[in-house]
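Remarks on the structure that follows.
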Amino acid sequence: MADRYTLDDLLGIMARLRDPQRGCPWDLQQDFATIAPYTLEEAYEVADAIDRDDFDDLREELGDLLLQVVFHAQMASERGLFDFADVAHGIADKMRRRHPHVFGEDRYDSVEAQARAWEAIKAAERAERGQLHDTSALAGISRGLPEWRRASKLQQRAASVGFEWREPGPVLDKLAEEVDEVRAEFAAGADVGRLEDEIGDVLFVTANLARHAGVDFSRALRRANAKFERRFRQMESLAAAEGRPFAERSLSEQESLWQRAKAAES
């Protein structure tokens, strides 16, 4: 056994797992579609380790995420599409191409100017790939992104051509307007389709507000989830310590426990 495995070792392990004669039956059954959910899951677990400042866990989760890249590249290699070296070459070439201020002679006066140049370079890349039919500022935004991320990307692209509120005030006003519209739909007994439409507007504006604040929507939601889980578990512990299970209490009693759990955090 090697003292320290290398990337080549990992590629070899993956090839062995996919070997038709000697490989792992589970690994052999997989394809791009079945592995994709694991790829997304591992990316979120990387983000979770970062949120928790758990760098031992981060090292492990980054390995799990790297395995996903290796797995996809191995399956592509078996079909003669590309291999891991092609993946590495492609991203290295892209990073050099998109950073002419680092690897070339270009200079930008500000981060905003660099962001505009980045979008211009990406537009030129789309043109080179023959994607000339779509000249919209929104061209090329993947439909495979998580919807919150796609909302942020759409808003960012729109802002790049001036369609943007400069201050958070109008965004907050718009959010209040959209919430009022949801209230009105509930009051009118609207069907699920109407509520879905209006609640979607609330979420879209919320993503815009997060972007204005420089807040990562996904990280903010993860923190809110963690806070809720932490307080809910504390409520259950308080209820159990008093000899009456949480589920047997009235909503007002549960709310009282919530306030106690919240106060304990403060």
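The values are calculated or read from the model by the stated rules, or taken from the named source; none is laboratory data. Here the structure is a predicted model, which means the values were calculated and not measured. Here the Cβ positions follow ideal geometry from the backbone for every residue, glycine too, while neighbour counts run over all protein chains shown. Remember, those area values only see protein heavy atoms, side chains included, never the ligands or the DNA or RNA. Shrake-Rupley method; radii C 1.70, N 1.55, O 1.52, S 1.80 Å.
Could you say whether any residue in segment 133-148 is modelled with pLDDT of 85 or more, open to solvent by 60 Å² or more (accessible area, probe 1.4 Å) and part of a helix (DSSP H, G or I)?
Looking through segment 133-148, at least one residue is modelled with pLDDT of 85 or more, open to solvent by 60 Å² or more (accessible area, probe 1.4 Å) and part of a helix (DSSP H, G or I).
Quick test for you: out of T6, T34, T39, pick the one residue that is over 30 Å from K227 (Cβ atoms) and either open to solvent by less than 60 Å² (accessible area, probe 1.4 Å) or among the acidic types (D, E) (or both). Please lay out each step first, then the result.
Values: T6 fails: either open to solvent by less than 60 Å² (accessible area, probe 1.4 Å) or among the acidic types (D, E) (or both); T39 fails: over 30 Å from K227 (Cβ atoms).
Exactly one residue qualifies, and that residue is T34.
Please name all residue pairs, on different chains or six or more residues apart, with Cβ atoms under 8 Å, provided the first residue is in segment 244-266 and is over 12 Å from F232 (Cβ atoms) and in contact (Cβ under 8 Å) with a residue 24 or more places away in the chain and the second residue is in a helix (DSSP H, G or I) and open to solvent by 90 Å² or more (accessible area, probe 1.4 Å).
E265/R230
Among the candidates I121, I50, single out the residue that is open to solvent by 60 Å² or more (accessible area, probe 1.4 Å), at pLDDT below 95 and within 26 Å of the chain's Cα centre (by Cα).
Values: I121 fails: open to solvent by 60 Å² or more (accessible area, probe 1.4 Å).
One residue alone meets the criteria, I50.
Could you identify the single residue in A239, A224, A261 that is in a helix (DSSP H, G or I), under 24 Å from R183 (Cβ atoms) and open to solvent by less than 70 Å² (accessible area, probe 1.4 Å)?
Details: A239 fails: under 24 Å from R183 (Cβ atoms); A261 fails: under 24 Å from R183 (Cβ atoms).
Among A239, A224, A261, only A224 is in a helix (DSSP H, G or I), under 24 Å from R183 (Cβ atoms) and open to solvent by less than 70 Å² (accessible area, probe 1.4 Å).
Under 7 Å by Cβ, and 6 or more places apart or on different chains, what pairs join a residue from segment 96-112 that is in contact (Cβ under 8 Å) with a residue 12 or more places away in the chain with one that is surrounded by 13 or more Cβ atoms within 10 Å (Cβ to Cβ) and among the β-branched types (V, I, T)?
Qualifying pairs under 7 Å: R97/I121; R98/I121.
Quick one: would you say R231 is buried (at least 16 other Cβ atoms within 10 Å of the Cβ) and among the charged types (D, E, K, R)? Walk me through how you get there before you give the answer.
Working: buried (at least 16 other Cβ atoms within 10 Å of the Cβ): yes; among the charged types (D, E, K, R): yes.
So R231 passes the test.
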